[in-house]
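Read the structure below first, then the notes.
The values are calculated or read from the model by the stated rules, or taken from the named source; none is laboratory data. The structure displayed is predicted, hence computed values, not measured ones. When we count neighbours, we look across all protein chains shown, and the Cβ atoms used for this are built from the backbone with ideal geometry, even at glycine. Just so you know, the surface numbers come from the protein's heavy atoms only, side chains and all, with ligands and any DNA or RNA stripped out. Shrake-Rupley method; radii C 1.70, N 1.55, O 1.52, S 1.80 Å.
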Amino acid sequence: MIEKVIVILGMHRSGTSVISNWLQQCGLNIGGRLAGKGIGNVEGHFEDLDFSEMHEQLLTKRDLPSHGLIDKPIIDLSDEEKNILQELLLEKLSKGIVFGWKDPRTCLFLSFYGKSKEFNFRYIIIVRDFNEVVISLVMRDYKYYEKRTLRGKKYFKRKLWIVLYRKRKITFFLQTRCLEYLKSWITYNEEILNLIQSIPEEEYVLLNIYDNQKDSEKNIHYINQVWGIHLKAINFKSIFNKKYISKKKRIDDYVSEKDLIIKAQNIYNNLMTFKLNIKS
């Protein structure tokens, strides 16, 4: 029997990092080389670099940005590229233990990871409201911009710049980037929805970071029982820090294509019907 492979799926800024951190502490092997800390992920990204670097290469080969914030999935993998991904999976499986990985860009390659019958995939899916994700992505961009802009400036000039320009610059970032990131959210989560609708319900678990605060131990017991693996039931609250979550804000005022907001809301509502709900 081939060991199960746990695929941690979710759009950027959906909570995949903190969920992966939690799963690692529960005992899941999520890789030996993990991406470190950064703006927006001060605890770490918890991404297996073997997978994320491979996905970046596949994107740049197609003249697409390596971060993967794009509005179309990758459906044209060659046989050679599929073989390379298969070899990576087989190398991980050769260690004889259940393993998983997290890289948001995995959602773009579900034409492979969602359809390959050679591997015993199980999916832990994290979904977050599109308004929160888009705002979080924009604010991460802004924080990078402000950090670069203020680097080397003395205290008084930093304070003056913040008072005079911060609010205006944030508004500009929201006006110019929300639409692009909304399209990416739709692409990622539409791919997730298509996957869920094509596989048996026992092969996936759909979570969100808010409900997992109160249900984390029950969720681990369910995963162990249904998937036949053995993870420790660590309380998610010991890992999740609310102060790193962006304040809730709607993006309607910054997106001119209102039909896309309606589409995103419909996708989100549909996904929530598949959310894990364990009866006490």
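Residues are listed down the side, and each one gets a yes or a no for (1) more than 26 Å from Val134 (Cβ to Cβ); (2) over 25 Å from the mean Cα position of the chain (by Cα); (3) of a type outside the set (Gly, Ala, Ser); (4) modelled with pLDDT of 95 or more:
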| site | (1), (2), (3), (4) |
| --- | --- |
| Tyr144 | no, no, yes, no |
| Lys147 | no, no, yes, no |
| Lys153 | yes, yes, yes, no |
| Phe156 | yes, yes, yes, no |
| Lys159 | yes, yes, yes, no |
| Ile162 | no, yes, yes, no |
| Phe173 | no, no, yes, yes |
| Leu182 | no, no, yes, yes |
| Ile186 | no, no, yes, yes |
Return yes when Leu164 is in contact with a helix residue (DSSP H, G or I) (Cβ under 9 Å, 6 or more places away or on another chain) and in a helix (DSSP H, G or I) and no when it is not. no
From the list Lys249, Lys275, Lys263, exactly one residue is in a loop (DSSP other than H, G, I, E, B) and either in contact with a strand residue (DSSP E or B) (Cβ under 8 Å, 6 or more places away or on another chain) or modelled with pLDDT of 95 or more (or both). Which is it? Lys275
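Residue by residue, here is whether (1) surrounded by 13 or more Cβ atoms within 10 Å (Cβ to Cβ); (2) more than 30 Å from Val7 (Cα to Cα); (3) of a type in the set (A, V, I, L, M) holds:
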{"site": "Phe119", "(1), (2), (3)": "yes, no, no"}
{"site": "Ile135", "(1), (2), (3)": "yes, no, yes"}
{"site": "Leu160", "(1), (2), (3)": "no, yes, yes"}
{"site": "Leu182", "(1), (2), (3)": "yes, no, yes"}
{"site": "Ser198", "(1), (2), (3)": "no, no, no"}
{"site": "Val205", "(1), (2), (3)": "yes, no, yes"}
Being small (Gly, Ala, Ser) and in a loop (DSSP other than H, G, I, E, B) is the filter here, so list the residues in the stretch 43-87 that pass it. Gly44, Ser66, Gly68, Ser78
Would you be able to tell me the number of residues in the stretch 174-189 that are in contact with a helix residue (DSSP H, G or I) (Cβ under 6 Å, 6 or more places away or on another chain) and closer than 19 Å to Gly68 by Cα? 8
Just to be sure before I move on: is Leu93 open to solvent by less than 80 Å² (accessible area, probe 1.4 Å), among the aliphatic types (A, V, I, L, M), within 20 Å of Leu49 (Cα to Cα) and touching a residue at least 40 places away in the same chain (Cβ under 8 Å) in the structure I sent? yes
Within the set of pairs 6 or more residues apart or between chains, which connect a residue that is more than 19 Å from Arg105 (Cα to Cα) and assigned to a loop (DSSP other than H, G, I, E, B) inside the stretch 17-39 to a residue that is modelled with pLDDT of 80 or more and open to solvent by 20 Å² or more (accessible area, probe 1.4 Å) with Cβ atoms less than 8 Å apart? Gly27/His230; Gly27/Leu231; Gly27/Lys232; Leu28/Val98; Leu28/Leu231
